[in-house]
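Undergrad: So that we are looking at the same thing, I have put the structure below in structure tokens.
The values are calculated or read from the model by the stated rules, or taken from the named source; none is laboratory data. Nothing here was measured: the structure is a model prediction, and the numbers come from that model. No Cβ is skipped: glycine too gets one built from the backbone with ideal geometry, and neighbour counts run over all protein chains shown. Just the protein is used for accessible areas: all its heavy atoms, side chains included, with ligands, DNA and RNA removed. Shrake-Rupley method; radii C 1.70, N 1.55, O 1.52, S 1.80 Å.
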Amino acid sequence: MQITLRIFRFDKDSDYLAYYKPYVYDSKNFKSVYDILVQVKKDDIYFDFEENPESCIKINQVAIRQRRDLNNIIEKFGKELIIEPLDTKRATKDLIMDKSDFLEKLELFKGLIDVHDVELYKQYDFLYYTSEVREFLPEYLGDSFFIFAYKMLLKYPEKAPQFLKLVADEEKGIYYHTKFKNFISSNELDYESYIKELKVMLVKSGLARSIF
């Protein structure tokens, strides 16, 4: 089956405006989205992306990991796929983007987590960039922050008060969370339940008056 990829292209060092370049391939030759992006890079030496199957991109406005089965993606979205970085406004080179705004939030956990926990936080980048709250509250800690805090709270229960205090920030914390959407993940329902559990913990700890 022939499919058309329209891939976001932009080089911050040479382009004034982004554009979408079309590529046509036979889907039967590729197992995953990652596999076909590798082929695009072989065919177009100027194209670049994060060469990691676990990295996330957007296909037709929905965040997915590059390891996702290509046929499943075609079944869901059809034979024309628009491929973009998680946030086109932060693109530096095609599907590669500047994630410093996401990573700087990790500084708030300094002294509370282990260096090995950082990799887990990085896996939640798609939760940060798919949240619509960022549009009206740029300083929002991010849904990624809350899910990571929940995981760390379970790992380090003795530090629960510190984690809950971070989450309960009145200006940019969990009070602004909206329903998860715009991504494909087998853990989607789990994420929403983690948020609910955090809210209950906040009430029990006295940091919130009710389940908001």
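Undergrad: Ordering ASP169, ASP143 by how much accessible area each has at a 1.4 Å probe, largest first, what is the list?
TA: On the way: ASP169 45, ASP143 5 Å².
Final ranking, largest accessible area leading: ASP169, ASP143.
Undergrad: So how exposed is TYR175, as accessible area in Å² (1.4 Å probe, rounded to 10)?
TA: 80
Undergrad: Run the simple label-point estimate for ASN60 and LYS12 please: 7 Å along Cα→C-beta, distance reported in nm.
TA: 3.1
Undergrad: Also: Express in Å², to the nearest 10, the accessible area of LEU166 obtained by rolling a 1.4 Å probe over the protein heavy atoms while all chains stay in place.
TA: Using a 1.4 Å probe on the heavy atoms, I get roughly 40 Å².
Undergrad: May I pose another question? Leaving out ligands and nucleic acids, note down the accessible area per residue over the chain with a 1.4 angstrom probe, in whole Å². Could you put the intermediate results ahead of the total?
TA: On the way: 11390 Å² over 212 residues.
Value returned for the chain: 54 Å² of accessible area per residue.
Undergrad: Top mean-square fluctuation among ASP117, ASP35, ASP94, Gaussian network model of the chain, C-alpha springs under 10 Å?
TA: ASP117
Undergrad: What do you reckon, how do SER185, SER14 stack up by accessible area (1.4 Å probe), largest on top?
TA: Numbers: SER185 30, SER14 85 Å².
The most accessible residue leads, giving SER14, SER185.
Undergrad: Report, for the chain, the % of DSSP beta bridges that are antiparallel, rounded to 5. Kindly include the intermediate steps, with their values, before the conclusion.
TA: Values: 18 of 23 bridges.
The antiparallel fraction comes to roughly 80 percent.
Undergrad: Pick from GLU84, GLU132, GLU158: which is most flexible by mean-square fluctuation in a GNM of the chain where alpha carbon atoms under 10 Å apart are linked?
TA: Of GLU84, GLU132, GLU158, the Gaussian network model singles out GLU158 as fluctuating most.
Undergrad: What is the ratio of the Cα radius of gyration of the chain to 2.2 N^0.38 Å, where N is its residue count, to two decimals? Spell out each step's value before the answer.
TA: Numbers: Rg = 19.0 Å, N = 212, 2.2 N^0.38 = 16.8 Å.
In units of the globular-protein estimate, the chain measures up at 1.13.
Undergrad: Then there's this: Can you send over the carbon and sulfur percentage of the accessible area for the chain, probe radius 1.4 Å, protein chains only? Before the final figure, lay out the partial values.
TA: Values: 5700 of 11390 Å².
On the chain, the fraction of accessible area on carbon and sulfur atoms equals 50 percent.
Undergrad: Could you put MET1, MET201 in order of accessible surface area, largest first, with the 1.4 Å probe and the full protein assembly present?
TA: These residues rank, largest area first, as MET1, MET201.
Undergrad: I've got another one for you. Which pairs, out of LYS28/LYS151; LYS151/LYS172; LYS31/LYS181; LYS79/LYS172; LYS12/LYS105; LYS12/LYS159, put more than 31 Å between their alpha-carbon atoms? Walk me through the intermediate numbers first.
TA: Numbers: LYS28/LYS151 39 Å; LYS151/LYS172 20 Å; LYS31/LYS181 26 Å; LYS79/LYS172 40 Å; LYS12/LYS105 24 Å; LYS12/LYS159 42 Å.
As for pairs spanning more than 31 Å Cα to Cα, those are LYS28/LYS151; LYS79/LYS172; LYS12/LYS159.
Undergrad: For ILE45 and GLU75, what is the calculated FRET efficiency with R₀ set at 35 Å and r taken between the beta-carbons, to the nearest 0.05? Walk me through the numbers before you get to the answer.
TA: Working: r = 31 Å, r/R0 = 0.89.
After rounding, the FRET efficiency stands at 0.65.
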